[in-house]
Amino acid sequence: MPQHSKLIVVANRLPASRTGKGPSARWERSPGGLVSAMEPVLAERGGVWIGWDGGAGPAPRPATVGSLDLRAVGLSRSEVNEYYHGFCNTTLWPLYHDAVINPEFHRSWWDPYLAVNKRFALASARSYRKGSLVWVHDYQLQMVPKLLRDRKPGAKIGFFLHIPFPPDELFAWIPWRSAILRGLLGADVIAFQTQASAENFVRVAKRYTSAEGTERELSFEGRSIRVKACPISIATSEFEKTAALPAVKRRAAEIRKQLAGRTVLLGVDRLDYTKGIPLRLLAYEELLKERTLSANKVVMLQVAVPSREVVPGYEETRREVEQTVGRINGENSQPGKVAVHYFRRSLAREELVAYYLAADVMLVTPLRDGMNLVAKEYVACRSDNTGVLVLSEFAGAARELRRALLVNPRDLETMKKTIVEAVRMKKEDQRMRMAMLRSNVRRHDVHDWSREFLEALAQ
Ligand code: GDG
């Protein structure tokens, strides 16, 4: 593998954001798994990160933040609405998540999607040098592989989809389905979170384009394209280190004390309709109502990070969650013993880890999720092997974390039984399961993920 070929990361968002205005504006590095994974690779090989800074208007000048060289792509106000809020998050996001809410199709959103993808492809072509590896990320940029290949026919281009790739029955709805597939087929390597997504892709590629081949390799217009499952993971040792900090341990003990020593159930999600927060709350509400559980003995914490608030569906989900939390507390809380603590905000990383340490049961019950890193982070933090993970079958993570208690989040009765099983699980059973889960996230961390992808691309 050419160790020193330059890497060009192309992702919708830059790994840093602008804070402040005018001459005092500064770049601040955003935390996150993808940044942790890419930073060492970029530091070793050199390269750039191409992305949007999240604002509307002309792109800020190229900048360097730590070892990251940033090249910003600018979006106009109307592109933010039509490309990002529109085609990406109102058409593709719900459709790719099993159409859990109805995706909207507007002809006027396709052209901006294409125009923004062209701008990303141009920016990538500008940074490209012979031998560079180009790694394009996610559903916002599915046209970039082809658009870049048109300009740099010999380039090595890889694409990774962070969200699920839907089955034919849903993908077929998209009026621009073959254009999107041809866009993706511009890559040399196309990778997905799960084998099921990879198979869905191969099926539709063969149906709606002239691509031919097997589950692992397609040929299209004289080129060959490798298709892979390459599940993402977390920076496991960073989470382990944070969880071992005395200040974080003290904070976890303090949280447990403040919760009056009750059994702690925790949910941590972006406030997104795919994450299944309302059904999770409903299961808990019924358990309290039937007196299977009591707010004297258990407490639920739900961290819900605000997300995409102008996109249809998000406001309704927020309202539903907040009404349910209000109802549960109205009927079950007592002074000093609130039944559900609801935080609609993002916590600092160390605070989040303290909550992972304080939680007896982690509830990760999305209706559909590409992977779900929260599940892996919880497991990584549980160094004493206690704690129970309740995990939706519809999260990509369920393919690997087989020793979690797997649930169908729409089957409320089973979800209730599983929550009770988790609350009552004996310590020795917890240890047996958690030890196996932990060995999984240690065996395969985010650095292995990026290495595996880049090795395939460099071949
Ligand atoms: C997409 C796919 C796929 C959450 N709350 C706080 C906080 N977080 C961090 C978590 C975790 C990340 O956000 C969420 O990642 P997920 O994987 O759970 O979900 P998505 O945002 O939907 O990500 C998903 C992922 O891409 C990667 O490929 O797994 O399926 O949908 O890292 O820790 N971080 C902090 N405070 C919080 O309150 N600091």
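The values are calculated or read from the model by the stated rules, or taken from the named source; none is laboratory data. Keep in mind that what you see is a predicted model, and the values were worked out from it rather than measured. Virtual Cβ from ideal backbone geometry, glycine too; neighbours counted across all protein chains shown.
Identify, from the list 349, 368, the residue that is more than 20 Å from residue 412 (Cβ to Cβ) and charged (D, E, K, R).
Residue meeting the stated conditions: 349.
Hey, among the residues in the stretch 50-86 that are surrounded by fewer than 16 Cβ atoms within 10 Å (Cβ to Cβ) and among the hydroxyl-bearing types (Ser, Thr, Tyr), which one's nearest to the chain's Cα centre (by Cα)?
Ranking the qualifying residues of the stretch 50-86, first place goes to 67.
For residues that are within 16 Å of the ligand (Cβ to nearest atom), free of Cβ contacts under 8 Å to residues at least 40 places away in the same chain and in contact with a Phe, Trp or Tyr (Cβ under 9 Å, 6 or more places away or on another chain), tally how many sit in the stretch 15-34.
1
Considering (1) among the hydrophobic types (A, V, I, L, M, F, W, C); (2) within 16 Å of the ligand (Cβ to nearest atom); (3) in contact with a Ser or Thr (Cβ under 7 Å, 6 or more places away or on another chain); (4) not in a loop (DSSP other than H, G, I, E, B), say which one residue 301 fails and leave the rest.
Every listed condition holds for residue 301 apart from (3).
Please return the ranges of helices (runs of 4 or more DSSP H) entirely within the stretch 66-174 where 1 or more residues are away from the ligand (no atom under 16 Å from the Cβ), of a type outside the set (D, E, K, R) and at negative phi.
On the way: elements: 93-96, 107-127, 144-151, 168-171.
Filter on the stretch 66-174 gives 107-127, 144-151, 168-171.
Counting residues that are small (Gly, Ala, Ser), which strands (runs of 3 or more DSSP E) fully inside the stretch 14-62 reach at least 2?
Output list reads 16-19, 47-52.
Quick one: is residue 194 within 15 Å of the ligand (Cβ to nearest atom) and assigned by TED's automatic domain parsing to the domain that holds residue 368?
So residue 194 does not fit the description; no.
Yes/no matrix, rows are residues, columns are (1) within 30 Å of residue 191 (Cβ to Cβ); (2) of a type outside the set (D, E, K, R); (3) near the ligand (Cβ under 10 Å from one of its atoms):
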residue: 339; (1), (2), (3): no, yes, no
residue: 342; (1), (2), (3): no, yes, no
residue: 345; (1), (2), (3): no, no, yes
residue: 351; (1), (2), (3): no, no, yes
residue: 361; (1), (2), (3): no, yes, no
residue: 364; (1), (2), (3): yes, yes, yes
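It is to be established whether one or more residues within the stretch 89-100 are at pLDDT 95 or above and more than 23 Å from residue 191 (Cα to Cα).
At the first step, the residues of the stretch 89-100 found to be at pLDDT 95 or above are 89-100.
With the extra rule that they be more than 23 Å from residue 191 (Cα to Cα), the set shrinks to 90, 100.
For the stretch 89-100, residues at pLDDT 95 or above and more than 23 Å from residue 191 (Cα to Cα): present.
Yes or no: the stretch 384-398 includes at least one residue that is more than 9 Å from the ligand (Cβ to nearest atom), at pLDDT 95 or above, assigned to a helix (DSSP H, G or I) and in the same structural domain as residue 430 (by TED's automatic domain parsing).
Yes, the stretch 384-398 has at least one match.
Got a sec? Which of 187, 191, 205 is among the aliphatic types (A, V, I, L, M), part of a loop (DSSP other than H, G, I, E, B) and buried (at least 21 other Cβ atoms within 10 Å of the Cβ)? Break it down stepwise before answering.
Working: 191 fails: part of a loop (DSSP other than H, G, I, E, B); 205 fails: part of a loop (DSSP other than H, G, I, E, B).
Of 187, 191, 205, the one residue that is among the aliphatic types (A, V, I, L, M), part of a loop (DSSP other than H, G, I, E, B) and buried (at least 21 other Cβ atoms within 10 Å of the Cβ) is 187.
What number of residues within the stretch 35-49 satisfy the criterion of being within 13 Å of the ligand (Cβ to nearest atom) and loosely packed, with under 15 Cβ neighbours inside 10 Å? Reasoning before the result, please.
Initial filter on the stretch 35-49 (within 13 Å of the ligand (Cβ to nearest atom)): 35-38.
Subsequent filtering for residues that are loosely packed, with under 15 Cβ neighbours inside 10 Å retains none.
Matching residues across the stretch 35-49 total 0.
Looking only at the stretch 248-297, how many residues end up being away from the ligand (no atom under 16 Å from the Cβ) and among the small types (Gly, Ala, Ser)?
Looking only at that region, the number is 6.
Here's the yes/no breakdown for (1) under 18 Å from residue 300 (Cα atoms); (2) surrounded by fewer than 19 Cβ atoms within 10 Å (Cβ to Cβ):
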site: 371; (1), (2): no, no
site: 379; (1), (2): no, no
site: 383; (1), (2): no, yes
site: 389; (1), (2): yes, no
site: 413; (1), (2): no, yes
site: 422; (1), (2): yes, no
site: 435; (1), (2): no, yes
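Filter the stretch 272-320 down to residues that are under 16 Å from the mean Cα position of the chain (by Cα), closer than 20 Å to residue 91 by Cβ and at pLDDT 95 or above, then give me how many there are.
4
For the stretch 399-436, name all the residues that are closer than 26 Å to residue 237 by Cα and within 16 Å of the ligand (Cβ to nearest atom).
399, 400, 401, 404, listed by residue number.
Taking residue 418, is it closer than 25 Å to residue 99 by Cβ, among the hydroxyl-bearing types (Ser, Thr, Tyr) and outside any loop (DSSP other than H, G, I, E, B)?
Criteria not met by residue 418.
Yes or no, residue by residue, for (1) closer than 25 Å to residue 121 by Cα; (2) touching a helix residue (DSSP H, G or I) at 6+ places or on another chain (Cβ under 9 Å); (3) in the same structural domain as residue 159 (by TED's automatic domain parsing); (4) small (Gly, Ala, Ser):
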residue	(1), (2), (3), (4)
182	yes, yes, yes, no
189	yes, yes, yes, no
200	no, yes, yes, no
212	no, yes, yes, no
224	yes, no, yes, yes
245	no, yes, no, no
292	no, yes, no, no
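In the stretch 366-383, what count of residues is obtained for those that are among the hydrophobic types (A, V, I, L, M, F, W, C) and more than 11 Å from the ligand (Cβ to nearest atom)?
2
In this structure, does residue 282 turn out to be buried (at least 21 other Cβ atoms within 10 Å of the Cβ) and not in a strand (DSSP E or B)?
Considered against the rule, which asks whether it is buried (at least 21 other Cβ atoms within 10 Å of the Cβ) and not in a strand (DSSP E or B), residue 282 comes out as no.
If I ask for residues that are farther than 25 Å from residue 454 by Cβ and either outside any helix (DSSP H, G or I) or touching a strand residue (DSSP E or B) at 6+ places or on another chain (Cβ under 8 Å) (or both), which ones from the stretch 218-253 would you list?
Within the stretch 218-253, just 245 meets the criteria.
Restricting to the stretch 11-32, name every residue that is buried (at least 20 other Cβ atoms within 10 Å of the Cβ) and over 22 Å from residue 122 (Cα atoms).
27
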